[in-house]
Amino acid sequence: MFTDFTIKRSAKRRTVGISIYPDLRVVVSAPFRYPEEKLQAFVREKSSWIEEKLKEFAKYGPAQPKRTYQSGDRISILGKTYVLKVFEGPLNQAHLTENEVLIEATSTKRTKEAFARLLHAQAAQHLKGRIIHFANQLRVQPKSLTIKDYKSRWGTCKSTGDIVLNWRILLSSEAIVDYVVVHELSHLIEFNHSRAFWRVVGSAFPDYKRARKVLRESSRRGDLDL
Ligand SMILES: [Zn+2]
């Protein structure tokens, strides 16, 4: 049973409402004098709906906590949360363990750069695998895959069949990455954003509408900025 939520009471409210946020917060809004037992009963009644929504959000990954590049930062990569540990030292190198991002660097600037290189390397590996997987499914043959750093786009597909993907996308979840991969590969069939294009996208990634929305929101929040 689901029990972890915040109650927000307001004099202006007439009804009880439940909001669920992408960072998995659950907020119950209620009129000022609404009885506590009735409120608890309402949440209990809605608990399976809440659980379901939380599961949906969890699939698309937790919202990215703000990074300071100091030890203790929590960083979400492909939807999995790692704890950052920074060591002072001349290597300027990062690596990933089961639960941690370990970085040895001489300054915060170098820490950030080492982290960017780590993400780039991880992206090269992960994205190549997903491109192969979905290219088979869509029966397309991209000419090349390049991983690079774009400031404000997640990928492009050129008319030549060359696909470029932004390694920052690894700061979102596996589902979002799959959506971006499918989006770019679908341009090999429909070189536009027509209805026919979205049909192709939907054939390989049915939940694309939600993925687009989540991606837009997390970009706006700056989750994918370094
Ligand atoms: Zn497109």
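Here, each number is a calculation from the coordinates, and none is a lab measurement. This structure is a prediction, so every number in the text was calculated from the model and none was measured. Glycine gets a Cβ as well: all are built from the backbone with ideal geometry, and neighbour counts include every protein chain shown.
One equal scatterer on each Cα of segment 19-116, no solvent, Debye formula: the resulting log10 I(q)/I(0) at q = 0.12, 0.15, 0.25 Å⁻¹ is -0.56, -0.70, -1.20.
Amide H contacts of residue 9: 30, each under 5 Å away and 5 or more positions distant or on a separate chain (H built 1.01 Å from N in the peptide plane; Pro and chain starts excluded). Taken one residue at a time, the phi angles of segment 190-195 give Karplus couplings (6.51, -1.76, 1.60, θ = phi - 60°) of 10, 8, 5, 10, 6, 4 Hz. Gly and Pro are set to x. Phi-derived couplings, Karplus 6.51 cos²θ - 1.76 cosθ + 1.60 at θ = phi - 60°, listed residue by residue for segment 11-19: 5, 7, 6, 10, 10, 9, x, 10, 10 Hz, with x used for Gly and Pro.
Counted over the chain with a bin width of 5 Å, the fraction of Cα pairs per bin, in whole percents, is 1, 6, 12, 14, 14, 13, 11, 10, 8, 6, 3, 1, 0.
Against the chain, whose longest principal axis comes from its Cα atoms, helix 36-45 is set at around 40 degrees. Rounded to the nearest 10 degrees, the angle from helix 174-186 to the longest Cα principal axis of the chain is 50 degrees. For segment 9-94, the set of chymotrypsin sites (Phe, Trp or Tyr not before Pro) satisfying both a DSSP loop assignment and a count of at most 13 other C-beta atoms within 10 Å is given as 32. Take every pair of alpha-carbon atoms less than 8 Å apart whose residues are at least six positions apart; their mean separation over the length of the chain yields a relative contact order of 14 percent. Computed from phi, the 3J(HN,Hα) profile of segment 81-93 under the Karplus parametrisation 6.51, -1.76, 1.60 (θ = phi - 60°) reads 8, 10, 9, 7, 10, 10, 10, 6, x, x, 5, 6, 9 Hz, with x in place of Gly and Pro. Taking amide H positions as modeled 1.01 Å from N, with prolines and chain starts lacking one, the residues under 5 Å from residue 73 and 5 or more places away or on another chain are 84. Annotation: the residues 24, 171, 78, sorted from fewest to most other C-beta atoms within 10 Å of their own C-beta, follow the order 24, 78, 171.
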